[in-house]
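**Q** Before I ask anything, let me first share the structure, which is written out below as structure tokens.
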Amino acid sequence: MLTCEHGGNIIPKEYESLFSNQEAILNSHRGYDLGALDVFKTLEPIADFSKHSITSRLLIELNRSLHHKCLFSEFTQNLSKPEKNKIINQFYKPYRDGIEAEISKYIKQGETVVHISVHSFTPVWKGLQRSVEIGLLYDSRIQKEKQFSKALKLELINQSNYKIRLNQPYLGKSDGFTTYLRKQFPINYIGVEIEINQKFYQNNKMPHILKQTILECLGSFKQKHREYNSEITNKIF
């Protein structure tokens, strides 16, 4: 299963007035994950199910729980409760509920689902240059996720010279969509976020070689586990 929560920076027309003269922020890493949708589309052919959003995270943050303080940005935080509920029901719930229902369907069929969520991150944070180039985020307390992520890291290292790190630049167990889904499906769900350094981003694209490397590694992984009926998963995507 493949998803991309921050694929675009679109603001629906009815909310454009909230973002008047904010093009610079909308076009920055705060507005969306630069290059993430490009990577997502490259990986999509090997997915059994895929879903993405191009609505800006500054309208509502799809990768945060409903109780999280950053669910709404400074541009939407002061909306009334009914207005916020409207945004939740119009954009947040359809996206997340649709993916959750699809996972539930696969698990009821006896499958184990590996959910790959595609993201990107700013290369400089609080004045410090981040050295990681591709991060794999998972919950280190879950053995299946640890095994999967370590094996994928090794596959990526064997096929590239990228600096691959586990649980960098963020911790996989922090509040997020995969964190929520682990609680809903504690047995047959593996959630891994792929984080790609935005330093590679240029002209609305990530480099072809980077995308192909990830595609080949995940494709190889999928094939291996299907052929040998791995204990980790019978269905990777």
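The values are calculated or read from the model by the stated rules, or taken from the named source; none is laboratory data. From a predicted model like this one, the values you see are computed outputs, not experimental measurements. Counting neighbours? That spans all protein chains shown, and the Cβs are built from the backbone with ideal geometry, glycine included. Ligands, DNA and RNA are excluded from the accessible area calculation, which covers all protein heavy atoms including side chains. Shrake-Rupley method; radii C 1.70, N 1.55, O 1.52, S 1.80 Å.
**Q** Assign unit charges at the C-beta atoms only (+1 for Lys and Arg, -1 for Asp and Glu), then state the dipole size of the chain relative to its Cα centre in Debye, rounded to the nearest 20.
**A** 480
**Q** With every protein chain kept in place and ligands, DNA and RNA left out, what is the accessible area per residue of the chain? Probe 1.4 Å, answer in Å².
**A** 48
**Q** Using a 1.4 Å probe on the protein heavy atoms, what percent of the accessible area of the chain belongs to carbon and sulfur?
**A** About 49 percent, which is the carbon plus sulfur part of the accessible surface.
**Q** Counting only helical runs of four or more DSSP H residues, what would the 222 nm mean residue ellipticity of the chain come to if each run contributes -39,500 (n - 2.57) and the total is spread over all its residues?
**A** Only helices count here, giving -10500 deg cm²/dmol.
**Q** Would you list, by chain and number, the aspartates and glutamates whose Cα falls below 16 Å from the Cα of Lys222, excluding same-chain residues fewer than 8 positions away?
**A** Glu44, Asp48, Glu111, Glu145, Glu155, Glu231
**Q** Below 21 Å, Cα to Cα, which lysines can Lys173 reach? Residues fewer than 8 away in the same chain don't count.
**A** Output for Lys173: Lys69, Lys144, Lys146, Lys150, Lys153, Lys183.
**Q** Mean separation of Cα pairs under 8 Å and 6+ residues apart, divided by the residue count of the chain: what relative contact order is that in percent?
**A** 25
**Q** For the chain, set up a GNM with springs between Cα atoms under 10 Å and report which of Leu37, Leu137, Leu210 has the largest fluctuation.
**A** With Cα springs under 10 Å in the chain, the top fluctuation among Leu37, Leu137, Leu210 is at Leu210.
**Q** Could you point to the residue in Phe19, Thr3, Leu43 farthest towards the positive end of segment 1-48's charge dipole, with +1 and -1 charges on the Cβ of Lys/Arg and Asp/Glu respectively?
**A** Phe19
**Q** Next question, about the same structure. Of the candidates Lys108, Lys144, Lys211, which one comes out as most mobile in a Gaussian network treatment of the chain with C-alpha springs shorter than 10 Å?
**A** Lys108
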